[in-house]
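Working notes, structure below.
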Amino acid sequence: MNLFSHFRDIVVAELQALDLPAGLDLSRVAVEPPRDPAHGDIATNAAMVLAKPAGLQPRALAERLAERLRRQSAVTAAEVAGPGFINLRLADGFWHARLAEILRIGPAYGDARIGGGRKVNVEYVSANPTGPMHVGHGRGAVLGDALAALLAKAGYEVTREYYLNDAGAQVEALAWSAYFRYLQALGAEIDETSFAAFQYQGDYLVPVGEALKATYGEHLAERGADGRLVGKPLDEWLQPVRDSTIAAMMALIRADLAMLGIEHDVFASERAIVESGAVDRALQTLDAAGLIYVGTLEPPKGKLPEDWEERPQTLFRSTQFGDDVDRPLKKSDGSWTYFAGDIAYHLDKYRRGFNEMVDVWGADHGGYVKRMQAAVTALTGGAARLDVKLCQLVSLFDKGVPVRMSKRAGTFVTLREVVDEVGKDVFRFVMLTRRNDQALDFDFAKVVEQSKDNPVFYVQYAHARARSVLRRAAETRPAATLTPESLASAPLARLTDPAELALIRHLAGWPRLVESAAEAHEPHRIAFYLQEVAALFHGLWNKGNDDASLRFLLDNAPALTEARLALVQAVAVVVASGLTVIGVTPAEEM
RNA sequence: GCGCCCUUAGCUCAGCGGAUAGAGCAGCCGCCUUCUAAGCGGCAGGUCGCAGGUUCGAUUCCUGCAGGGCGCGCCA
């Protein structure tokens, strides 16, 4: 249970019993942990928020409410403080009951219902299928995947989706590059400088060329009058080359994602959407609403593009929905812009039942957010909401020295190389040690360091230590006494040390953390929370070094030991639960 | 020129409209015959970029300004 919403219900009920003026807005009544733990276990601002509309003095109202709250059995003290806060202290027994709850519920502890089973679509990665993924893609992949798991834990029905950009000029350029590799594989005398369309020069297309040769032999090429192999006209090879190249690239990308433990439910094809006529239909909807017109845009002020010329374009009135300028839907050759396809795609998501959508993009797409949100609002009449999470840049370092990234110089660092080097767990955790909209420095040397400087190892170590105690306990006691059910009925009232109770309080905050992180779409909060839990646990552990009576395993005190094992087990449960949400494997030993 | 993001301790960063703003690192002082010292305790360190506004209350919301990053009509 989220104990804060539990007590909020109690506070609201007591307020209603106070015969205050009718029609008071209670929505701003908050029940939260006090910022300073010395103030108590739970604080509410109810009196301060309601005093004015109720025509009362905040502290007077607080006293009346506090008087009623003191009668709650779990409440040992209700003090009015500062401008009108009410600070509640809860009985140790209440916390012991939370501990038992954690053990009974196990890994599902923290599961919330705020999602109410509503469908939410999280679209992430969506990297162009033109080559291996880089580190920036990896950040978005981890964020999206962790957010999806978090929303699922919070009670949403989550679909993890990848928008496959398999239409447009880039994949055609990709096909040309693959075709070049194909001709090379056939032994054609052809060099890169004479092949202007050879844009994607990475080695990863060499096997694609080989595969095309194996499948098609020389059928996609022809021999000139002199018997030498040359290319055929575009329309005689484009489709098969493009399709098999995209398939090969997606296999590559999916393999990279699999390394990170990421698997999408749906791969939506841009080409399929365009070819199905969905774009025309979506734009007809907008047109019917008078949101499409042909007009001319002002040139950007300040820095005028070299080849600027005024020309009329088909535009979407995104300015009616908060965008800065109206946005083009058609290219000059009459084909749709990427934006037009994306409009149809988001309408498609809405039609599939998603009123809540999250897109995870790189920061370089920041200028695209307003128009996409404008389109979603326009298409759905405001029924659907699109949240866009922008991931700022990841900069690679090694021992503090920047790792230069240059495709041309061949020092392009792929996601695969990084994950091979540091491992899935380290990569995923580190990607969540910053808010998504904060730039992130990733230092190879630092993230594999095994010290408290490295939050991944710090948290893993806490879990491993907890498991180690439980293993040790299993050597001397019957297995039946160590099951979660058995530990839940241990004499938990024996846990009275302030450090033990502080740890239980923090563990009991997990359900609230899940809810607030899910509401804010901020999975990084889990990584920070786990560090706090780990710190409290390591601290408690070391108190046992200073004072042997505080150790978890005591030869002469079986009842107390049992209670402490329950606490250790709860730490393992919550840490494992949190790590699982962010996709990091809890370590059994280190 | 315009838009978006960022600005919190020497450094790297958390911080949900709430009270005396928190971690880690670096610095200083301590803790290992015994559950993992890959750890822990303590000390010191702040005009929350600047200026206004809203509010009982602003690091948090709004406006303006400054500095940094990203982007800016037929690329995706």
The lone condition A:E161 fails out of (1) open to solvent by 10 Å² or more (accessible area, probe 1.4 Å); (2) within 16 Å of RNA strand B (Cβ to nearest atom); (3) closer than 25 Å to A:S516 by Cα is (1)
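For a quick check of your reading: which helices (runs of 4 or more DSSP H) sit entirely within the range A:418-487 and have at least 3 residues that are open to solvent by less than 50 Å² (accessible area, probe 1.4 Å) and away from RNA strand B (no atom under 12 Å from the Cβ)?
Where helices (runs of 4 or more DSSP H) fall fully within the range A:418-487 and carry at least 3 residues being open to solvent by less than 50 Å² (accessible area, probe 1.4 Å) and away from RNA strand B (no atom under 12 Å from the Cβ), they are A:424-431.
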Within the range A:3-92, considering only helices (runs of 4 or more DSSP H) that don't extend past its boundaries, which have at least 1 residues that are open to solvent by 70 Å² or more (accessible area, probe 1.4 Å) and at pLDDT 90 or above? A:3-16, A:58-69
Top-ranked residue in the range A:321-346 [being in contact (Cβ under 8 Å) with a residue 40 or more places away in the chain and farther than 15 Å from A:A282 by Cβ; ranked as farthest from RNA strand B (Cβ to nearest atom)]: A:F321
What's the total number of residues in the range A:496-516 that are under 20 Å from A:T433 (Cβ atoms) and either of a type in the set (V, I, T) or near RNA strand B (Cβ under 9 Å from one of its atoms) (or both)? 4
Can you pull out every residue in the range A:532-576 that is open to solvent by less than 10 Å² (accessible area, probe 1.4 Å) and either near RNA strand B (Cβ under 6 Å from one of its atoms) or among the basic types (K, R) (or both)? A:G544
Over the range A:537-560, the set of residues among the aliphatic types (A, V, I, L, M) and touching a residue at least 40 places away in the same chain (Cβ under 8 Å) is A:L540, A:L550, A:L553, A:A559, A:L560
Among the hydrophobic types (A, V, I, L, M, F, W, C), more than 10 Å from RNA strand B (Cβ to nearest atom), surrounded by fewer than 17 Cβ atoms within 10 Å (Cβ to Cβ) and within 26 Å of A:L550 (Cβ to Cβ): does that describe A:A493? yes
Just for the range A:303-320: of the residues that are hydrophobic (A, V, I, L, M, F, W, C) and at pLDDT 90 or above, which one is nearest to RNA strand B (Cβ to nearest atom)? A:L315
Taking the range A:165-216 and the residues there that are without any contact (Cβ under 8 Å) to a residue 12 or more places away in the chain and of a type in the set (S, T, Y), the one that is surrounded by the most Cβ atoms within 10 Å (Cβ to Cβ) would be A:S194
Wholly inside the range A:324-405, strands (runs of 3 or more DSSP E) that include 1 or more residues that are of a type in the set (D, E) and either more than 27 Å from A:V135 (Cβ to Cβ) or more than 25 Å from the chain's Cα centre (by Cα) (or both) are A:356-362, A:394-398
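The values are calculated or read from the model by the stated rules, or taken from the named source; none is laboratory data. Fair warning: this is a prediction, and the values are worked out from it, not measured in the lab. In this analysis, Cβ positions are derived from the backbone assuming ideal geometry, glycine residues included, and neighbour counts consider all displayed protein chains. These area figures cover heavy atoms from the full protein model, side chains too; ligands, DNA and RNA do not enter into them. Shrake-Rupley method; radii C 1.70, N 1.55, O 1.52, S 1.80 Å.
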